[in-house]
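The values are calculated or read from the model by the stated rules, or taken from the named source; none is laboratory data. None of these values were measured; they are calculated from a predicted model. Cβ atoms come from the backbone with ideal geometry, glycine included; neighbour counts cover every protein chain shown. Just so you know, the surface numbers come from the protein's heavy atoms only, side chains and all, with ligands and any DNA or RNA stripped out. Shrake-Rupley method; radii C 1.70, N 1.55, O 1.52, S 1.80 Å.
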Amino acid sequence: EEVYGVSAIAFFDIELKDRVKLQMSGLSYVSQTSSLPGSRLSMFGDLKFTQLYPLSLRGSRTDYNADLLSASSILSIEDTHFTSILAKSAARNETIRIENELNYWRPGREAQFTFDMRLRIPKSEIRYIPGPSEVLKFSWMQYLSVAAIVYFVVDWILYFTYSHALVTSFRTVDQKAKEHTF
């Protein structure tokens, strides 16, 4: 039998443990077609974590831990179609996708078709809503740095103003002696 195209969904389990606690199952979709029959598809790329909105630091997020093809989520035959599965995945806040994808389709007619997929997992940026202690820590440093600059600028202005007598001023000395009563 001749193979002219491949469509595949790869499922992955993801777990974040550091600042944000997240457990989810995700998927990635691969599709390749050719006008020539093939004997092998080699695919290389980067598996990237993407999100629409920042995550919360409170608790552990397990909303998407259920498999997209679990028996409890399949209600009809339409739930097993690629379009339905991809639509469920795309509706999530957190997803994964393949970037920098490179495909090689080896033309030929062999008894067995081989699909080889190799993915790297580079560091991904995880956006989250910082807690009050983190906000106060960074705001204190910013306040202190701005306050130091303002202090030196105001001190220099006062020194310049009074040393060059830009403002007329009078010095009055109280000559009256204090009366002490015992």
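Kindly list, by first and then second residue, each pair from a residue in the range 30-58 that is among the aromatic types (Phe, Trp, Tyr) to a residue that is surrounded by fewer than 13 Cβ atoms within 10 Å (Cβ to Cβ), limited to pairs with Cβ atoms under 6 Å and residues at least 6 apart or on different chains.
That search, which allows pairs on different chains as well, returns Phe44/Leu102; Phe44/Arg118.
Can you say whether Ser139 is part of a loop (DSSP other than H, G, I, E, B), polar (S, T, N, Q) and at pLDDT 85 or above, as far as the supplied structure shows?
no
Residue by residue through the range 105-144, note down the ones that are of a type in the set (Gly, Ala, Ser), surrounded by 10 or more Cβ atoms within 10 Å (Cβ to Cβ) and under 29 Å from the mean Cα position of the chain (by Cα). If you could, list the steps in order and put the result at the bottom.
Of the residues in the range 105-144, the ones of a type in the set (Gly, Ala, Ser) are 108, 111, 124, 131, 133, 139.
Restricting the remaining residues to those that are surrounded by 10 or more Cβ atoms within 10 Å (Cβ to Cβ) gives 108, 124, 131, 139.
Of everything in the range 105-144, those that are of a type in the set (Gly, Ala, Ser), surrounded by 10 or more Cβ atoms within 10 Å (Cβ to Cβ) and under 29 Å from the mean Cα position of the chain (by Cα) turn out to be Ser124, Gly131, Ser139.
On the basis of being under 19 Å from Leu47 (Cα atoms) and at pLDDT below 90, does Ile96 make the cut?
yes
Can you find a residue that is more than 39 Å from the chain's Cα centre (by Cα) and surrounded by 11 or more Cβ atoms within 10 Å (Cβ to Cβ) anywhere in the range 159-172? Show your work before the answer.
Quick first cut of the range 159-172, residues more than 39 Å from the chain's Cα centre (by Cα) only: 159-172.
Still in the list and also surrounded by 11 or more Cβ atoms within 10 Å (Cβ to Cβ): 161-162.
Yes, because at least one residue in the range 159-172 is more than 39 Å from the chain's Cα centre (by Cα) and surrounded by 11 or more Cβ atoms within 10 Å (Cβ to Cβ).
Sort out which residues of the range 1-20 are part of a strand (DSSP E or B) and of a type outside the set (Phe, Trp, Tyr), and write them in order of number.
Those that are part of a strand (DSSP E or B) and of a type outside the set (Phe, Trp, Tyr): Val3, Gly5, Val6, Ser7, Ala8, Ile9, Ala10, Asp13, Ile14, Glu15, Leu16.
Take the range 18-50 and flag every residue that is aliphatic (A, V, I, L, M) and either under 15 Å from the mean Cα position of the chain (by Cα) or open to solvent by less than 50 Å² (accessible area, probe 1.4 Å) (or both). Before the answer, list the steps.
Step one: of the range 18-50, the residues aliphatic (A, V, I, L, M) are 20, 22, 24, 27, 30, 36, 41, 43, 47.
Within the range 18-50, Val20, Leu22, Met24, Leu27, Val30, Leu41, Met43, Leu47 meet the criteria.
Taking Ser124 as the residue in question, decide whether it is more than 22 Å from Glu2 (Cα to Cα), at pLDDT 85 or above and not aromatic (Phe, Trp, Tyr).
When the stated conditions are applied, Ser124 passes them.
Could you list, in sequence order, all residues of the range 2-17 that are within 16 Å of Met43 (Cα to Cα) and loosely packed, with under 12 Cβ neighbours inside 10 Å?
Ser7
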